[in-house]
1. Sort 69-78, 84-93, 54-63 for me by packing, meaning the mean count of neighbouring Cβ atoms within 10 Å per residue, highest on top.
2. Counting only DSSP beta bridges with both residues in the stretch 85-164, tell me the antiparallel percent, nearest 5.
3. Rounded to the nearest 0.05, what FRET efficiency is calculated for Thr157 and Asp123 with R0 set to 25 Å and r the Cβ-Cβ distance?
4. Please give the contour-minus-distance gain from Ala43 to Thr146: 0.36 nm per residue of separation, less the Cα-Cα distance, rounded to one decimal in nm.
5. If you take the beta carbon distance between Phe76 and Arg164 as r and set R0 to 35 Å, what does 1/(1 + (r/R0)^6) give as a FRET efficiency, to the nearest 0.05?
6. Note down the nm distance, to one decimal, between modelled labels 7 Å out along Cα→Cβ at Ala69 and at Val97.
7. Provide the net charge surrounding Asp115, with neighbours chosen by a C-beta distance below 13 Å and charges set as Lys +1, Arg +1, Asp -1, Glu -1.
8. Which net charge results when you count Lys and Arg as +1 and Asp and Glu as -1 among the other residues whose beta-carbon is under 10 Å from that of Arg98?
Amino acid sequence: MKVPASANLPTSSNGRPSGHRWLWSPSSPERPSIIPLLQEVQARLGYLPRDEVVKAAAACGMSVTQAYAVATFYNFFRLRPPGRHTIRICRGTACHVRGSAALLDHVEHLLGAGDGETTEDGDFSVETVACLGCCSRAPVVVVDETVHGRVGRQELTRLIRRLRSGVAAPRRERHEHDAR
Ligand code: FES
């Protein structure tokens with residue numbers, strides 16, 4: 001995914017990116033909370049560029065250090081741009097029992113990037129996620145937006161090779177919740 005630089009975003013007359021719904025304005029009687037602001041920035045840009053963290057901190061009346069303390073405390077915030085492809089490995093109980101930790105090791109071996117990291121070429125980000133709600137298909141891996149169930153190391157290798165060669169990952173199944 002190509003992440004636009006925040007500095008290049010078109011801006012409106014108030015200097016804010018146009019088409020962007022801010023949760024707070026200078027005329028608001030109360031200062032905003034930092035977490036929703038950071039979530040909004042990440043939803044828009046895919047990660048938290050430093051200049052956006054600085055702006056969010058100022059809007060919330062806190063120091064940049066405090067804003068980064070929040071951004072680094074929650075693991076759903078990204079401080080670096082995501083890779084073009086994202087591999088998410090479920091670390092929920094069912095997937096763990098069925099070998100998700102070994103899949104994570106395998107991905108790290110193949111790509112040189114572990115949980116929360118992006119490959120140096122920017123092609124892949126690797127993440128672990130909580131239960132995805134399709135435990136009967138464990139272990140579950142989500143490659144970009146496609147959910148793959150009962151994934152083994154060989155299949156994971158094939159998926160990554162296909163992405164590396166520019167071929168989209170095949171859709172084997174859609175994300176579906178188990179009836180529990
Ligand atoms: S534990 Fe992985 S989908 Fe539920």
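Read-outs: derived from the displayed coordinates by stated rules, not from any lab. Since we're looking at a predicted model, the values are computed, not measured. Here the Cβ positions follow ideal geometry from the backbone for every residue, glycine too, while neighbour counts run over all protein chains shown.
1. Numbers: 69-78: 13.9, 84-93: 20.1, 54-63: 16.5.
So the order, starting with the most tightly packed, is 84-93, 54-63, 69-78.
2. Values: 8 of 14 bridges.
Looking only at bridges with both residues in the stretch 85-164, the antiparallel portion is about 55 percent.
3. Values: r = 15 Å, r/R0 = 0.60.
Plugging the Cβ-Cβ distance into 1/(1 + (r/R0)^6) gives 0.95.
4. Working: separation 103, 0.36 × 103 = 37.08 nm, distance 1.92 nm.
So the chain would gain 35.2 nm between Ala43 and Thr146.
5. On the way: r = 27 Å, r/R0 = 0.76.
After rounding, the FRET efficiency stands at 0.85.
6. Each label point lies 7 Å from its Cα, and together they span 4.0 nm.
7. Details: positive: Arg78, Arg88, Arg91; negative: Asp105, Glu108, Glu117, Glu127.
Result for the local shell: -1.
8. Details: positive: Arg137, Arg150; negative: none.
Summing Lys and Arg as +1 and Asp and Glu as -1 gives +2.
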